[in-house]
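First comes the structure, then the notes that go with it.
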Amino acid sequence: MTTTDLAERYSRRVALRHERLYGHGYQGPGSEAVFAELTSRLDLRPGLRLLDIGSGLGGDSFRLAERHGLTVVGLDAAPDMTAVCVERAAEQPLPGLSFVTGDVRGSQLLTPDSFDVLWTRDCGAFVPPADKLPAWRRLHAALRPGGQVLVTDYCLGPQGASAEFAAKMAAWGQYMLTPDAYGAMLGEAGFTDVAVEDRSRHLMDSMLAGRRLLLDEQEDFLAEMTREEYDGLLDRWDRKIGFCERGELVWMVLTARRAQS
């Protein structure tokens with residue numbers, strides 16, 4: 001998926017609609033419990049510089065800056081996403097928090113040894129296969145020796161994709177790997193201590209909660225969109241739940257490091 005495609009897919013209207021289903025600031029699982037579990041995997045200390053890759057509507061960026069005292073740079077390829085984050089940061093200013101529009105594959109933010117932590121949530125699947133390893137090699141170079149990595153992403157289950165799921169991935173502009181292939185890729189990019197865990201139950205819980213909200217607040221949604229748009233959104237959620245139930249769609253958590261030397 002190109003940067004232009006991402007910008008169109010995540011327009012302000014679409015992003016804010018999905019945010020209602022996932023929670024303020026999020027386009028994927030973003031509950032307090034999930035955030036706490038993810039941050040517990042890292043040694044986060046005030047003053048560390050973190051790059052939030054695919055920062056979306058900024059849910060994690062704000063939490064990381066406010067609760068852990070980090071200097072956080074949010075990077076997202078969709079200008080509308082960045083614009084919302086900048087507006088919210090003006091209303092809730094936090095020291096060291098900033099947002100930039102850009103693509104990790106070419107962003108000038110990725111200078112050598114410039115970040116202590118790389119944090120990325122649910123966006124790697126949008127990177128085309130030929131660009132995945134080069135992007136992670138760039139990120140490896142941008143991470144300081146001893147630096148930490150946390151990734152969550154949508155992945156392909158070990159049994160592979162049905163024709164229906166393959167068609168949906170193509171429609172979504174996603175190129176999913178299996179969790180094992182994802183971990184192997186980071187190892188090839190130079191990272192060490194790579195650990196991968198299937199946390200699909202978090203994705204399922206989040207999608208079921210979003211579906212309940214769609215049904216419980218149907219009248220409110222229909223005041224903001226057409227019946228066709230509402231039915232399409234509900235159908236999308238039902239399909240994703242089905243893919244997850246069948247093990248085709250997996251939600252992965254990965255941690256890694258850059259070696260000290």
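Residue 162 meets all of the listed conditions (1) free of Cβ contacts under 8 Å to residues at least 60 places away in the same chain; (2) farther than 20 Å from residue 41 by Cα but one, namely (1).
Of note, residue 98 does not satisfy the criterion of being of a type in the set (S, T, N, Q), under 18 Å from the mean Cα position of the chain (by Cα), exposed (fewer than 14 other Cβ atoms within 10 Å of the Cβ) and modelled with pLDDT of 95 or more.
Rundown of residues vs (1) surrounded by fewer than 22 Cβ atoms within 10 Å (Cβ to Cβ); (2) aliphatic (A, V, I, L, M); (3) touching a Ser or Thr at 6+ places or on another chain (Cβ under 7 Å), yes/no style:
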| site | (1), (2), (3) |
| --- | --- |
| 45 | yes, no, no |
| 51 | no, yes, no |
| 56 | no, no, no |
| 61 | no, no, yes |
| 69 | yes, no, no |
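Yes or no: residue 98 more than 20 Å from residue 152 (Cα to Cα), of a type in the set (S, T, N, Q) and in contact with a helix residue (DSSP H, G or I) (Cβ under 8 Å, 6 or more places away or on another chain)? The answer is yes for residue 98.
Considering only residues in the range 21-50 that are assigned to a loop (DSSP other than H, G, I, E, B) and of a type in the set (A, V, I, L, M), the one that is nearest to residue 150 (Cα to Cα) turns out to be 42.
Counting only residues that are free of Cβ contacts under 8 Å to residues at least 60 places away in the same chain and part of a strand (DSSP E or B), which one in the range 182-201 is surrounded by the fewest Cβ atoms within 10 Å (Cβ to Cβ)? The residue in question is 197. Consider residue 75 carefully, then state whether it is at pLDDT 95 or above, buried (at least 19 other Cβ atoms within 10 Å of the Cβ) and closer than 21 Å to residue 103 by Cβ. Considered against the rule, which asks whether it is at pLDDT 95 or above, buried (at least 19 other Cβ atoms within 10 Å of the Cβ) and closer than 21 Å to residue 103 by Cβ, residue 75 comes out as yes.
Scanning the range 142-181 for residues that are surrounded by fewer than 16 Cβ atoms within 10 Å (Cβ to Cβ), over 17 Å from the mean Cα position of the chain (by Cα) and farther than 22 Å from residue 51 by Cβ gives 158, 159, 160, 162, 163, 164, 166, 167, 170, 171, 180, 181. Within the bounds of the range 233-245, is there any residue that is under 14 Å from residue 154 (Cβ atoms), within 21 Å of the chain's Cα centre (by Cα) and not in a helix (DSSP H, G or I)? No, the range 233-245 contains no residue that is under 14 Å from residue 154 (Cβ atoms), within 21 Å of the chain's Cα centre (by Cα) and not in a helix (DSSP H, G or I).
The values are calculated or read from the model by the stated rules, or taken from the named source; none is laboratory data. Everything numeric here is computed off the predicted structure, so don't read it as measured data. Every residue, glycine as well, gets a Cβ built from its backbone with ideal geometry; the counts of neighbours run over all protein chains shown.
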